[in-house]
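What follows draws every value from the coordinates through simple rules; no lab data is involved. Computed from a predicted structure; not experimentally measured. Every residue, glycine as well, gets a Cβ built from its backbone with ideal geometry; the counts of neighbours run over all protein chains shown.
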Amino acid sequence: MEFNTNFILGCSAIGAGLAVIAGIGPGVGQGIAAGHAAAAVGRNPGAKSDVTSTMLLGQAVAETTGLYGLLIAMLLLFVKPLV
Amino acid sequence: MGQGVLLSESADIDFMVHGVFSYSFFGHTVWITTTHVCVLIVMLVIIGFCFAANRAVKHASEVPGTFQNIVELIIEMLDNMIGGVMGKFSPKFRNYIGTIFIFILLSNISGLFGLRPPTADYGVTLPLGIMTFVLIHFNKFRYQKVKGVVAGLCDPWPFWAPINIIGDVAVPISLSLRLFANVLSGTVMLALVYGLLAKIAIIWPAVLHVYFDLFSGAIQTYVFCMLTMTYITDACTTDG
C-alpha cells in the first residue's frame, strides 16, 4: 500500500513534467505572431498601436493550449486525482 | 502521505484556497473561503468608487476636476472599446461588458495588494463564462429566431450538428479556463518565488508582480471582454 501510494505520486510528478511540455507550442506560436507583427510595423509604422493590440489578443488566445497543459500539471501535483 | 514529494507540504508555499469558517446549510457543510472574502473586498472597492463617481458626476462642473476627469476617462475608454467591436449593438451591452471588465481587472490586480486573486478560483471564472454562454444563446434566439438557430446548427450539413453543439459548449469552458489558468499561473509563480527564495526575494519580485499581476491581468481582462463581445455580436448578426 505504502509503495503503491508513493509510486503513484512519483508517476504523477513525471506526468506533470510531461504535461508542461505543452508549453512548446504556444511559445513557437507566440514567437511567429510577434515576428509577423514586427514585420508589419516595419512595413507600416503608422499602424503600430493597432498591430500591437491585435498581436496581444491573438497571443493571449494562442496561449490557451499551453495553459491547459499547466492546468493538468497542477491537477496532478496538488489535487492528486489518482491517489 | 508523501511529505517531501510535494513541495506544498514541506516548504512554506501557499497558494491554495483556504476555508475561513464553515456553517451548516440544510445539513451540508458550506465553507466561506478566502475567495469569498477577496471577492467581497473587490466588490466593496468597486461600490465605494461608484458612490464617489456618482457624487462627482452629480456635482459635475464645466471645468472637470481631477476625479471627474478620471471617471470620464474610464467611461470614454470603455465606450470606445465596446463601440469599436459591437457597433450598433453596443448601447445594449455597454453596462454588462463594462461591469465585467472592471470586476475582472480589479480581481486580477488584487494580487498586488496581497489578496489571493478571486479569478484564480475556478468557481469565480466559470460563472463568468456561463453568463457569456447564456447571453450568446439568448441573443441568438432573439435575433436569429428558431429557424436561424437550427440553420446555424446544421451549418455545412445536417449531420454536422453534434460537432457544432460541442463547439458551442466549449466556448464558456475555454473562456473561463483561459482566465483561470492565466491568473493561477501568476499566483503560483509568485508563491514559489516567495516560498522557495524567501531569503533573497527582497525587491526584485516587484518586476514579476508587474508582469504577472498588471500586464497579464490586464491582457486577460481585455481578451475575455473582447471574446465575449465578439461572440455576442456574432449571435446578434443575422446573416441570412
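Contact order for chain B, expressed relative to its length and based on alpha carbon pairs under 8 Å spaced 6+ residues apart, stands at 26 percent.
Remark: spin-label model distance A:ALA39-B:THR66 equals 4.8 nm, labels positioned 7 Å along the Cα→Cβ axis. Projected onto their three principal axes, the Cα atoms of the protein assembly as shown cover extents of 67, 60, 60 Å, largest first. Remark: for residue pairs A:LYS48/B:LYS88; B:LYS58/B:LYS92; B:LYS88/B:LYS145; B:LYS92/B:LYS147; A:LYS48/B:LYS58; B:LYS92/B:LYS145, the C-alpha separation exceeds 29 Å in A:LYS48/B:LYS58. Averaged over the residues of B:181-189, the number of partner chain Cβ atoms lying within 10 Å of the residue Cβ comes to 3.
Selection among A:GLY69, B:GLY148, B:LEU115 by position relative to the dipole of the protein assembly as shown gives B:GLY148 as farthest towards the positive end (Cβ unit charges, Cα centre).
Of the residues B:CYS225, B:LEU177, B:HIS59, the one whose Cα sits farthest toward the positive end of the charge dipole of chain B, with +1 on the Cβ of Lys and Arg and -1 on the Cβ of Asp and Glu, is B:HIS59.
When chain B is treated as a Gaussian network with alpha carbon springs shorter than 10 Å, the biggest mean-square fluctuation among B:LEU44, B:LEU128, B:LEU112 belongs to B:LEU44. If R₀ is 22 angstrom, what is the calculated FRET efficiency for the pair B:ALA206 and B:ASP14, using the beta carbon separation as r and rounding to 0.05? Here the calculated transfer efficiency is 0.65. Here the label points at B:SER22 and B:LEU44, each 7 Å from Cα along the C-beta direction, are separated by 2.6 nm in the simple model.
Net charge in the neighbourhood of B:LEU190 (other residues with Cβ under 12 Å of its Cβ; Lys, Arg +1, Asp, Glu -1) is -1. On full extension, the segment bounded by B:THR237 and B:ALA198 gains 8.7 nm, given 0.36 nm per residue less the C-alpha separation.
Residue order for B:SER110, B:SER61, fewest other beta carbons within 10 angstrom first, comes to B:SER61, B:SER110.
Where the centroid of each part is defined by its Cα atoms, how far is region A:17-83 from region B:182-232 in Å? Distance between centres, Cα-based: 14 Å.
As a length-normalised measure over Cα pairs under 8 Å and 6 or more apart, the relative contact order of chain A settles at 52 percent.
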